[in-house]
1. Want the number for residue B:45 to residue B:170: 0.36 nm per residue separation, take away the alpha-carbon distance, what's left?
2. In µm²/s, what is D for chain A at 4 °C and 1.567 mPa s, where D = kT/(6 pi eta Rh) by Stokes-Einstein and Rh is the Kirkwood radius from Cα pairs?
3. Give the aspartates and glutamates reachable from residue A:51 as a straight Cα distance under 12 Å; neighbours fewer than 8 places away on the same chain don't count.
4. Please report, in Å, the Rg and the Dmax of the stretch B:96-239, where both are computed over Cα atoms only.
5. Which cross-chain or sequence-distant (5 or more) residues have an amide H under 5 Å from the amide H of residue B:106, H modelled 1.01 Å from N in plane?
6. Work out the charge dipole of the stretch B:87-239 with +1 on the Cβ of Lys and Arg and -1 on the Cβ of Asp and Glu about the Cα centre, then indicate which of B:108, B:87, B:119 is farthest towards its positive end.
7. How far, in nm, would the chain grow between residue B:91 and residue B:36 when pulled straight, counting 0.36 nm per residue and subtracting the alpha carbon separation?
8. Work out the FRET efficiency for residue B:107 and residue B:159 from their Cβ-Cβ distance, taking R0 = 51 Å, and round it to the nearest 0.05.
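Readers should treat all values here as calculations from the given coordinates under stated rules, not as data from a laboratory. Since this is a predicted model, take the numbers as computed values, not measurements. Cβ placement follows ideal geometry from the backbone for every residue including glycine, while neighbour counts extend to all protein chains displayed.
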Amino acid sequence: MTRRKTQDEPGQITFHLDELLETRGMTLTELADRVGVTLVNLSVLKNDRAKAIRFSTLEALCEVLECQPGDLMTYE
Amino acid sequence: MSNSPAVRRFLDLVSGKNPALKRFDWPIAYWVTTIVLVLAVVGTVLDALDINLTWNVTYSPESGLHGARTASVKPVADATVDVKTLVPDLQQKLPQGMTAHGELPVSVAFDNSTLRSQVLNFLSSIPMDLLVVALIWLLRRIVLTTVSPGLSSGDPFIKANVWRLRIMASLVLVMPLVSFWSEVAVWELVSPSVSKDLLWMSYDASLLPLQLGSAVVLFILADVFSAGVRLRDDVEGLV
């Protein structure tokens, strides 16, 4: 679970869905279908507008994208 | 059973997911609450102008049901008198075994030319009228946030509704005090016209438990809405 911060505040969790999708040749729609999350919610995640993420969503993303949580997001 | 279309329609109806219901109910909620608010405002204005409108319905076996409408612009105040004081020999006129007791509601005309009487006249009815108008207005705003897709998001769990409920609870809490003060104002208003021995200053406390109970329920409801707002904030943006 993460709490989103405003741009002015130091420290922010950033998702790297764009890079992961590009390297795997997958579209956001396809990922949404396979993960079982709506396209709107996945866009929220991709654009760093999510306030929190379920462990089940995180697990599904890691499973479909064959990566670790640390590959999905970084703290900057 | 749970897959039956009838059950699904019922569940949609109860949960508010039925789009037909959404389209149908908001004009009703809007107009009903608007009419009630307008009636309360008109009643307050009539009180402020000292226009007393009454509508009485009487029934007797001989003449049947009759309605009578009366209007008066003469400044009058509703007071109560002890029935035994008003009719001293009433007990003697009654058949054996019957006892007279209680009070009679009367309308007492008073001189409204002095500033004191005008202020007392205002205090006897307008504060309670304004209290009722405020309660109806707040309730209307809450109702409209729950049902009207054209006027709001249809989400009642907003901070504004929490404050509306808290203000409503506070208003209901002060209602007995306002009611008591109204009786004091009436008593002071009509006492120069009528002997104080005849008049009763009566305060009906039968509604007090209901008013205090309603205030408590409204405060609890405000806390429930406050928890709803917090939960909504938590859930928003959850993926």
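1. On the way: separation 125, 0.36 × 125 = 45.00 nm, distance 2.39 nm.
Length gained, residue B:45 through residue B:170: 42.6 nm.
2. Details: Rh = 12.6 Å.
Value of D from the Cα-based Kirkwood radius: 103 µm²/s.
3. B:233, B:234, B:236
4. So, for the stretch B:96-239, Rg and Dmax equal 22.1, 82 Å respectively.
5. B:79, B:80, B:81
6. In the stretch B:87-239, that residue is B:119.
7. In short, 15.3 nm is gained.
8. Working: r = 46 Å, r/R0 = 0.90.
Efficiency, from the Cβ-Cβ distance: 0.65.
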